[in-house]
Amino acid sequence: MNAAVSDAFGETLAEDAPDVSIAEVLVILGRHYGLTGSARPLPGERDHNFHIQTESEGEFVLKVSHPAEEAGFTDFQNKALDHIMTVDPALPVPSVRKSLEGEAQFMVSVGGSAPRVVRLVTYLPGQLLSRSPTSAAQDRNLGIFLARLGRALRGFFHPAAGSDLLWDIRKVAKTRPMLAYIADARHRAMVERVIDAFEQHAAPVIPGLRAQIVHNDMNSYNVVMDASRPEMVSGILDFGDMIHSPLICDLAIGAVYRWPAEGHPLAPAARFVAGYQSVQPLEIEELGILFHLIRARLALIANIASWQAERFPAKRDYVLRLITEVWASLERLDGLSSAEARRYFLDHSKPEQMPVSQPSPASASADAERALLERRARLLGPTYRAFYRNPIHLVRGSGVWLYDAQGRKFLDAYNNVASVGHCHPRVVEALSGQAATLNTHTRYLSEIILDYAEKLLGTLPSHLGHAMFTCTGSEANDLAIRIAQHSSGGTGVIITDFAYHGATIATAQLSPAAVGAKGVPAHHRAVAAPDTFRDGGRAARDFARNVAAAIDDMRAQNIRPAALLLDSAFSSDGIFFPDGSVIREAADHVRKAGGIVIADEVQSGFGRLGQGMWGFANYGLEPDIVTLGKPIGDGHPMGAVIVRPQLVSSFGSNTGYFNTFGGNPVAAAIGIAVLEVIEGEGLIENARNVGAYTGALLRALQSRHGMIADVRHNGLYFGVELTAEDGATAAAKTSSVVEAMREDGVLISSCGPRGNVLKIRPPLPFSRDNAEQLAETLDRALSKW
Ligand code: PMP
């Protein structure tokens, strides 16, 4: 081998370290750690590593560094592991066991060599990824794991992070002289092409990318998987290649080892990237060069391994252990253009439909769940209820999926709050970007709140000219009632008899679903909800007449009507979509009596009903005030009141309005992102189409299950009313169905005054596949009776 090559590649890698004997290891263990046990050597490239079984403290790995390794570099690793433990304690990485002197590392002379750094770290049990069967879930979980590791390291720095490292993808061109060691001319030409392409397409982009300290070596010998569940990551080893590098290089390295078995050569890598993006979204420039980085890493392995094999014949088998896969991968990727690869990643690495997540060791057992429930009761008091007999401990959400602490995946067919999908990357990015820039309140001038108000008002009828911002739907309804009472001079509000409108005093008093009929004060009136099913839909037909009668009744008691307040989906009443004419007629009665009409769109707004943005529009109603909440912020505390300008002119001058957090710049950024996602992803259309498909599937179940009395829906909002031979048990059976679905991996709930209506309102990106899973699961749940 030529001398120039050896100099360029560094002594640490080139020279084999003198052996360390088991006897020496056991002496170190006793003298420096006060531990006794047995030791056996583990394979390693530079360090000498030993598996240690102690008699008192379990398993460890004793690491004796190469004599040329600087103590600063191992200090870097120790501190990085400490940092990870602080930021993400549930992330399984080795932890450093200090010596009797309290040191994370120390120097000893072993094997007759110069002093070498010794460290003891905990052993991570499991099966090496290289020996574990592969699966799509495994690809994604590895991506999630690496992203978590990256996030845990992003606030960390150490001076050794700038060291020159042979395994630095950015420096692949420096290994060109190693091409001479590749025996096969075709292989050699292929690697050369990869390096040329890297220099042309990736190298110019790299200096502009975000960089941090990264693990830099997620190869299949450095990751351990759960032996009984090989898709679950048990830990990552060997932090010896960490450097400060573009974040995307870390991902490219991990992606290399997702060897394609069949299908598209980038399919496993794309799943890996999707997993990564569910935790840490990538930037377009990063995705743009990923293909080149993956190939550059393969070229690096090919070059270095070919060189090492010749230089260290005794280690030939070890250094060439992956070479067959490397050539196969390079060949398969050689057939792809860079544009095709870029497109493939853009199309196939979206963080959707993610299966199993990482288990959090602290919460994996039933005991831990019980402890959580007890702690919850002790700290939060008796008013909080948990869904389901067997409550769910959720740790992550993505799109229509939720994941519990054991890694179980649930199809979310209930949460309309995360309406554009759980943790939508665009919303998360808008939130974090604005939170990192400025967050004040509405008393300073700011464009973003105006941009948001303009965009939001643009989705509503033009007579509604002002937007006022709150933090919740309750606050929105509370403010709407204040405005209604102020502008009309009246006090009485008409609601439906099992409505829910909020949790403030004023709105709770208008929420018989929460406070009961007796909790509604004497100046308000609760009328029968427009039930389209019972008694052949009589209450729906009579709705306007009932409102008129309530007004007469108020008047008879000298109460001036202020407003009619209606949830456009009549959610807690049991989910009804009556004919628009009765709603319009009821509104006319109220207006004639001097009151105004408030459309509560907290449940029905933002495209859920599939016809347009707003539920009231389905009735042909022109409300005076529209109140918004839940889906407005994809899970973030936001609400709004949209109002006819003339209604607030005197309220504004007499009272004014300020809400510390409502409409702040972060909320505005989120609100804009939500509207853009609804539009950009065609979610209203999706609600309409998938809603119709789901409705048909649910109705088809009706012929198989006599228990289904009625299926009603609009877009992606469904009420499935269940009966029982004995009416009194319908609620219990409904609840059992909800519980059975939960056990079977689909989340729904129930509603209605009799508790016998299945309430189904999934996030809007719900797909036909999701609909089929929902219907099949419901079919199974109903078959139990
Ligand atoms: N209106 C309706 C129709 C609702 O369903 C709710 C909440 N369930 C509210 C208002 C109150 O919203 P929040 O919980 O955000 O205060």
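The values are calculated or read from the model by the stated rules, or taken from the named source; none is laboratory data. What you see is a predicted model, and the numbers here were worked out from it, not measured in a lab. When we count neighbours, we look across all protein chains shown, and the Cβ atoms used for this are built from the backbone with ideal geometry, even at glycine. All accessible areas refer to the heavy atoms of the entire protein, side chains included, with ligands and DNA or RNA removed. Shrake-Rupley method; radii C 1.70, N 1.55, O 1.52, S 1.80 Å.
Evaluate segment 296-319: report whether one residue or more is part of a loop (DSSP other than H, G, I, E, B) and modelled with pLDDT under 95. Yes, the conditions are met somewhere in segment 296-319. One residue is enough: does segment 370-392 have a residue meeting the conditions touching a residue at least 12 places away in the same chain (Cβ under 8 Å) and under 24 Å from VAL279 (Cβ atoms)? Yes: segment 370-392 contains one or more residues that are touching a residue at least 12 places away in the same chain (Cβ under 8 Å) and under 24 Å from VAL279 (Cβ atoms).
If you go through segment 1-43 and keep only what is modelled with pLDDT of 70 or more and of a type in the set (Phe, Trp, Tyr), you end up with just TYR33. Scan ARG140, ARG154, ARG148 and give me the residue that is more than 28 Å from VAL25 (Cβ to Cβ), touching a strand residue (DSSP E or B) at 6+ places or on another chain (Cβ under 7 Å), open to solvent by 20 Å² or more (accessible area, probe 1.4 Å) and at pLDDT 90 or above. From the options ARG140, ARG154, ARG148, the qualifying one is ARG154. I'd like to check something: does segment 41-61 contain any residue that is touching a helix residue (DSSP H, G or I) at 6+ places or on another chain (Cβ under 8 Å) and closer than 18 Å to GLU103 by Cα? Scanning segment 41-61, I find no residue that is touching a helix residue (DSSP H, G or I) at 6+ places or on another chain (Cβ under 8 Å) and closer than 18 Å to GLU103 by Cα, so the answer is no. Quick one: is LEU457 at pLDDT 95 or above and open to solvent by 20 Å² or more (accessible area, probe 1.4 Å)? Taking the combined requirement at face value, the residue satisfies it.
Out of ALA667, ALA673, one residue alone is within 16 Å of the ligand (Cβ to nearest atom), in a helix (DSSP H, G or I), buried (at least 20 other Cβ atoms within 10 Å of the Cβ) and not aromatic (Phe, Trp, Tyr). It is ALA667. When we screen VAL205, VAL214, VAL233, VAL224 for residues that are out of contact with any Pro (no Cβ under 8 Å at 6 or more places or on another chain) and surrounded by 21 or more Cβ atoms within 10 Å (Cβ to Cβ), the only hit is VAL214. Which of the residues belonging to segment 587-604 are small (Gly, Ala, Ser), out of contact with any Phe, Trp or Tyr (no Cβ under 6 Å at 6 or more places or on another chain) and crowded, with 24+ Cβ neighbours inside 10 Å? Of everything in segment 587-604, those that are small (Gly, Ala, Ser), out of contact with any Phe, Trp or Tyr (no Cβ under 6 Å at 6 or more places or on another chain) and crowded, with 24+ Cβ neighbours inside 10 Å turn out to be ALA587, GLY595, SER604. Selection of first residues in segment 319-343 that are under 23 Å from ILE284 (Cα atoms) and of second residues that are hydroxyl-bearing (Ser, Thr, Tyr) and buried (at least 18 other Cβ atoms within 10 Å of the Cβ), restricted to Cβ pairs under 9 Å at least 6 apart or on distinct chains, gives the following pairs, ordered by first then second residue: LEU336/TYR344. Scanning segment 463-496 for residues that are under 22 Å from GLY594 (Cα atoms), part of a loop (DSSP other than H, G, I, E, B) and either open to solvent by 20 Å² or more (accessible area, probe 1.4 Å) or within 15 Å of the ligand (Cβ to nearest atom) (or both) gives HIS463, GLY465, GLY489, THR491. Among the strands (runs of 3 or more DSSP E) confined to segment 509-604, the ones with at least 3 residues that are within 14 Å of the ligand (Cβ to nearest atom) are located at 561-567, 596-600. Residues in segment 614-626 include at least one that is away from the ligand (no atom under 16 Å from the Cβ) and more than 26 Å from ALA667 (Cα to Cα).
Would it be correct to say that ALA269 is within 30 Å of GLU69 (Cα to Cα) and either buried (at least 24 other Cβ atoms within 10 Å of the Cβ) or of a type outside the set (A, V, I, L, M) (or both)? In short, no. If the condition is being within 19 Å of ASN477 (Cβ to Cβ) and either touching a residue at least 24 places away in the same chain (Cβ under 8 Å) or of a type in the set (Gly, Ala, Ser) (or both), then segment 520-563 contributes VAL520, HIS523, HIS524, ARG525, ALA526, VAL527, ALA529, VAL547, ALA550, PRO561, ALA562, ALA563. Would you confirm whether or not segment 190-210 contains a residue that is more than 18 Å from ALA255 (Cα to Cα), free of Cβ contacts under 8 Å to residues at least 40 places away in the same chain and polar (S, T, N, Q)? Yes, because at least one residue in segment 190-210 is more than 18 Å from ALA255 (Cα to Cα), free of Cβ contacts under 8 Å to residues at least 40 places away in the same chain and polar (S, T, N, Q). Scanning segment 626-664 for residues that are surrounded by 24 or more Cβ atoms within 10 Å (Cβ to Cβ) and of a type in the set (A, V, I, L, M) returns VAL626, LEU628, ILE632, MET638, ALA640, VAL641, ILE642, VAL643.
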